[in-house]
Amino acid sequence: MDNSQSKQPSETAEITVGNKTILCPVITGTENEKALDISQLRSKTGFVTYDDGFSNTASCLSSITYIDGENGVLRYRGIPIEELAEKRTFVEVAHLLIFGHLPSADERGVFSKLLTSNCMIHDNMVKLFDNLPSSSHPMATLSAMVVTLSAYYPELSNLEINPGEINQIIAELLAKLRTLAAYSYKKSIGEPIIYPKRKYRYVENFLHMMFSTPVDEYPLDKEVVDAIEKILILHADHEQNCSTSTVRLVGSSKANLFASISAGICALWGPLHGGANQAVIEMLESIVRDGGQAKRVIERAKDKKDSFRLMGFGHRIYKNFDPRAKIIKEICDKLLLKLGINDPCLDVAKQIEEIALKDDYFIERKLYPNVDFYSGIILRAIGIPTNMFTVIFAMGRLPGWIAHWKEQRDTPTTKIGRPRQIYVGAPIKHIE
Ligand code: SDX
């Protein structure tokens, strides 16, 4: 189905509001998801719909990712996430999401070369890091630096002038965001930045820039590289989540790619979204400090008088296991065993999962571990600091954000996103 128009509707639905009845076309997706096309609702009835949190509202037609939340299914361009995580690299999955197919050997060579040759940032941008407080959260730095790319690379910001540059811009952003992420870490610990090396692949270069020093080359461990590769793949896209919807909304005003992605980074930062992986570890660490008993947090999470939520649990879409959480838990067990790490946070996490999955409160609300529940334990084992966890999520999610921004831009019928509202404020009043 072309994203710019749905299949000719074979079905319609009647909506009667007040004394008016309208016929709405029914849109049917590839997997038989159904939607009412209510584009004419307001003009024909004067009514709008209200849907807090957009739980029942499709904002677009998309060909990128499919999720079946009831059955724990996640596919990128039709390919199950389990197969991609097992058999492909993050760069190949990024190509799949953005360009719609896994790269051939030639395409992979060209794409990798583009990423390697565009991974440096303007030296004056490096100086900007020196003016940020070392205590600044890396997500603040990342968002600021990504939008600043449009100042240092104006030729890449204006696609209206250089429409043919889209592949170059995409490669530049994929390459540079990884460099910016590593630089923000180095600056936060007061160490000199480490330049990327041509001989390294995407993930290897990231770990090199994060952990090498001017005197020591970081010893790359295949299991560690593999774990990060898989974590990035598992985070690469997730249809209309909060941050991706943000990227689409900002992009719908024809804001440039850097500005749209910078907005997505800010949306991801929230603890209810991508910031949950940091919040999970902080929760687990506090339980370990308090003696390692999971029961108390479970009771707090169930107590309606307590605003505490079990971080890393629950999901708007998955009402069954998050398929990514299953894979991440396996990576976690394997990597900690390989590295010989016995992390009490992992023991507590498994305790929480075991208790929660037998507890009626969680069962009735279909609350399962989500992608963030175990991911932080892997990152911690590798030596990535807690405040960098959501940056890793952003690195993983970048291809998805780009793919959605590009899909929307390539859809001729795209309109600027502008929801309605229902005004419930003060009636008219006049001033002297
Ligand atoms: C991500 O959308 C995506 O795809 C996101 C993501 C992606 O890849 O982009 O998957 C990444 O953001 C994963 C989610 C990370 N966030 C967390 O782990 C934070 C903790 N989880 C929750 O805050 C919550 O589960 C959300 C935000 C994830 C989902 O919230 P919803 O869909 O708005 O659900 P809700 O708030 O309406 O909750 C329904 C019920 C409520 O209880 P009742 O009012 O029915 O009695 O479930 C309860 C909630 O109180 N509930 C929880 C809970 N999550 C929901 N209770 C305790 N602990 C929790 N974690």
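Counting the residues of the range 251-297 that are in a loop (DSSP other than H, G, I, E, B) and not hydrophobic (A, V, I, L, M, F, W, C) gives 13.
Does Tyr200 fit the bill of being surrounded by fewer than 21 Cβ atoms within 10 Å (Cβ to Cβ) and hydroxyl-bearing (Ser, Thr, Tyr)? Yes. Among the candidates Ser112, Ser104, the residue that is farther than 13 Å from Tyr183 by Cα and in contact (Cβ under 8 Å) with a residue 60 or more places away in the chain is uniquely Ser112. Does Lys254 satisfy being outside the structural domain of Thr148 (by TED's automatic domain parsing) and either modelled with pLDDT of 95 or more or surrounded by fewer than 24 Cβ atoms within 10 Å (Cβ to Cβ) (or both)? Criteria not met by Lys254. The residue list Ala35, Ala58 contains one member that is at pLDDT 95 or above, touching an Asp or Glu at 6+ places or on another chain (Cβ under 9 Å) and among the aliphatic types (A, V, I, L, M), which is Ala58.
Of the residues contained in the range 315-329, none is found to be assigned to a helix (DSSP H, G or I), surrounded by fewer than 20 Cβ atoms within 10 Å (Cβ to Cβ), polar (S, T, N, Q) and more than 10 Å from the ligand (Cβ to nearest atom). Close Cβ contacts (under 7 Å, 6 or more residues apart or on different chains) running from residues in the range 268-290 that are free of Cβ contacts under 8 Å to residues at least 40 places away in the same chain to residues that are more than 8 Å from the ligand (Cβ to nearest atom) comprise His273/Ala267; Met283/Val297. Based on this model, can you work out whether Glu217 counts as surrounded by fewer than 17 Cβ atoms within 10 Å (Cβ to Cβ), charged (D, E, K, R) and in contact with a His (Cβ under 9 Å, 6 or more places away or on another chain)? Judged against the criteria, Glu217 is a match. Among all positions in the range 252-268, there is at least one residue which is within 10 Å of the ligand (Cβ to nearest atom) and of a type outside the set (Phe, Trp, Tyr). Contact annotation: residue pairs with Cβ atoms under 7 Å, 6 or more positions apart or on different chains, pairing a residue in the range 123-140 that is over 16 Å from Ile265 (Cβ atoms) and modelled with pLDDT under 90 with a partner that is among the polar types (S, T, N, Q) and open to solvent by less than 80 Å² (accessible area, probe 1.4 Å), are Ser134/Ser188. Taken over the range 125-153, the criterion of being assigned to a helix (DSSP H, G or I) and open to solvent by 70 Å² or more (accessible area, probe 1.4 Å) is satisfied by Lys127, Asp130, Ala151. The residue that is modelled with the highest pLDDT, among those in the range 1-32 that are over 29 Å from the mean Cα position of the chain (by Cα) and among the small types (Gly, Ala, Ser), is Ala13. Only a single criterion out of (1) within 23 Å of Trp405 (Cα to Cα); (2) surrounded by fewer than 16 Cβ atoms within 10 Å (Cβ to Cβ); (3) within 8 Å of the ligand (Cβ to nearest atom); (4) not aliphatic (A, V, I, L, M) is not satisfied by Phe308, namely (1).
Taking the conditions exactly as written (over 30 Å from Ile416 (Cβ atoms), in a helix (DSSP H, G or I) and within 14 Å of the ligand (Cβ to nearest atom)), does Arg300 satisfy them or not? Yes, satisfied. Only one entry of Lys186, Lys176 meets the criterion of being among the charged types (D, E, K, R) and crowded, with 23+ Cβ neighbours inside 10 Å, and that entry is Lys176.
Every listed requirement among (1) open to solvent by less than 40 Å² (accessible area, probe 1.4 Å); (2) modelled with pLDDT of 95 or more; (3) among the hydroxyl-bearing types (Ser, Thr, Tyr) is met by Ser157 save one, (2).
Can you name every residue in the range 227-247 that is open to solvent by 20 Å² or more (accessible area, probe 1.4 Å) and farther than 14 Å from His273 by Cβ? Residue satisfying the conditions is Lys230 alone.
The values are calculated or read from the model by the stated rules, or taken from the named source; none is laboratory data. Small disclaimer: the values here were computed from a predicted structure and weren't measured. Cβ sites come from the backbone with ideal geometry, for glycine too, and all protein chains shown count toward neighbours. Heads up: the accessible areas ignore ligands, DNA and RNA and are worked out on the full protein's heavy atoms, side chains in. Shrake-Rupley method; radii C 1.70, N 1.55, O 1.52, S 1.80 Å.
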